[in-house]
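The values are calculated or read from the model by the stated rules, or taken from the named source; none is laboratory data. Worth saying up front: this structure is predicted, and the values here are computed from it rather than measured. Neighbour counts are summed over all protein chains in view; Cβ atoms, including those assigned to glycine, are modelled from backbone coordinates with ideal geometry. Accessible surface areas use protein heavy atoms only, side chains included; no ligands, DNA or RNA. Shrake-Rupley method; radii C 1.70, N 1.55, O 1.52, S 1.80 Å.
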Amino acid sequence: MKDSGNIILRLFFNRTVSEIPASIKKNNLQTGKDVIPLGLFGNLATLRICMNGGKIVKIGVIGAGTMGSGIAQAFSVCAGYEVVLCDVNKDYAERGRAGIRAALDKLVEKGKMTRTAADAAAAAIHTGPNSAASDCGLVIEAVLENMDLKKEIFKELAEICGPDTIFATNTSSLSITELAACVKRPVVGMHFFNPAPVMKLVEVVAGLFTPPELVSRVSAIALDIGKTPVEVKDSAGFLVNRMLAPMVNEAAGILAEGLASAPDIDTAMKLGANHPMGPLALGDLIGLDVCLAVMEVLYSESGDPKYRPHPLLRKMVRGGLLGRKTGRGFFEYQAVDKKGC
Ligand SMILES: NC(=O)c1ccc[n+]([C@@H]2O[C@H](COP(=O)([O-])OP(=O)(O)OC[C@H]3O[C@@H](n4cnc5c(N)ncnc54)[C@H](O)[C@@H]3O)[C@@H](O)[C@H]2O)c1
């Protein structure tokens, strides 16, 4: 539920001081929890309110793919957050927003969300190129799992965002410390899981230069949107992927050896290990390109052959069989389902 204070805050989002009704401007801007003395902003040409009593309300998400869209949706359904969903261009970002809209509509159809709440969530998401995230309090990078690309993104953000903007990355496995070193400012890992609107866990990853206060702050944001943060130190794959990606990789190996069919491998792990889905279906959901990238990082960082990506995984990625997002991976999917669920 959106509280009234936050609706007021939202109403004034990006409005110029002159657009604020005199009755409110005369006194103070009353939010749910705070009274912001407008005198503080009186001499500014544009009043952008990105904080609510220290709570960051404008979130930038870079990359409108599976994870970026999911993260944007997870924030949009929570009280008081505005999201700017960015991609290489506005059209790509709009495609991400259309996917979110469809996901919200599905929730309404299933009776899991009211039409009013879905409309409010959709209205809280704006789109644009990466530069549209310049005035966000927190920017979460969710582009492809590629260190060079992520470095490029953070360099671009460092040029357009203020010094107080929190830089976070949704990387599944890459070094937070290396990303921070490249922009010479703190970066924190904010690792959501797929599908981000549903999965409760957020790994909050501290690099060598991440101040503990930043870790606490980002953990508090995760809690605020109904997630459960688990703090972890920077290391390849963090906690979950260090265990999960090798399982998907091993399942690919078992399939390649012809020991069992894909459905039987998955059934074995569902019924024998009480997993809600099998490792091959999970790989398809995550994206086999992402699984391969995680294995490559685990292997190159540790040098341990137990993390060697299986050739079948590599071959499937080369062939464009990435899982749900391309319609075919270990299994086939009727329609290309960007959300993977
Ligand atoms: N898929 C998962 O299950 C999962 C889970 C957790 C974390 N992650 C991580 O999240 C990140 C994104 O993964 P994904 O599965 O969403 O990938 P994806 O391929 O679905 O989406 C990546 C998006 O990044 C965009 N992009 C590429 N270059 C860009 C640029 N220069 N500027 C802006 N946008 C750009 C692409 O257009 C695309 O929309 C990766 O780091 C991945 O490791 C993935």
task: Look at GLU145 and say whether it is open to solvent by less than 30 Å² (accessible area, probe 1.4 Å) and either in a loop (DSSP other than H, G, I, E, B) or under 30 Å from LYS112 (Cβ atoms) (or both).
output: no
- line: Within segment 235-245, residues within 20 Å of GLU178 (Cα to Cα) and open to solvent by 40 Å² or more (accessible area, probe 1.4 Å) come out as SER235, LEU239, ARG242
task: Go through segment 88-142 and count every residue that is of a type in the set (Asp, Glu) and either open to solvent by less than 30 Å² (accessible area, probe 1.4 Å) or under 25 Å from SER219 (Cβ atoms) (or both).
output: 2
statement: When restricted to ALA121, ALA206, the only residue touching a residue at least 40 places away in the same chain (Cβ under 8 Å) and away from the ligand (no atom under 14 Å from the Cβ) is ALA121
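crowded, with 22+ Cβ neighbours inside 10 Å and out of contact with any strand residue (DSSP E or B) (no Cβ under 6 Å at 6 or more places or on another chain): does that describe ILE221? If you could, list the steps in order and put the result at the bottom.
Details: crowded, with 22+ Cβ neighbours inside 10 Å: yes; out of contact with any strand residue (DSSP E or B) (no Cβ under 6 Å at 6 or more places or on another chain): yes.
Considered against the rule, which asks whether it is crowded, with 22+ Cβ neighbours inside 10 Å and out of contact with any strand residue (DSSP E or B) (no Cβ under 6 Å at 6 or more places or on another chain), ILE221 comes out as yes.
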task: Kindly provide the set of residues from segment 78-126 that are among the polar types (S, T, N, Q) and in contact with a strand residue (DSSP E or B) (Cβ under 8 Å, 6 or more places away or on another chain), ordered by number.
output: ASN89
query: Looking only at segment 172-191, which residues are surrounded by 24 or more Cβ atoms within 10 Å (Cβ to Cβ) and modelled with pLDDT of 95 or more?
result: ILE176, LEU179, VAL187, VAL188, GLY189, MET190, HIS191
- request: Check whether at least one residue in segment 261-284 is open to solvent by less than 10 Å² (accessible area, probe 1.4 Å), farther than 21 Å from SER173 by Cβ, at pLDDT 95 or above and not in a helix (DSSP H, G or I), and report yes or no.
  value: yes
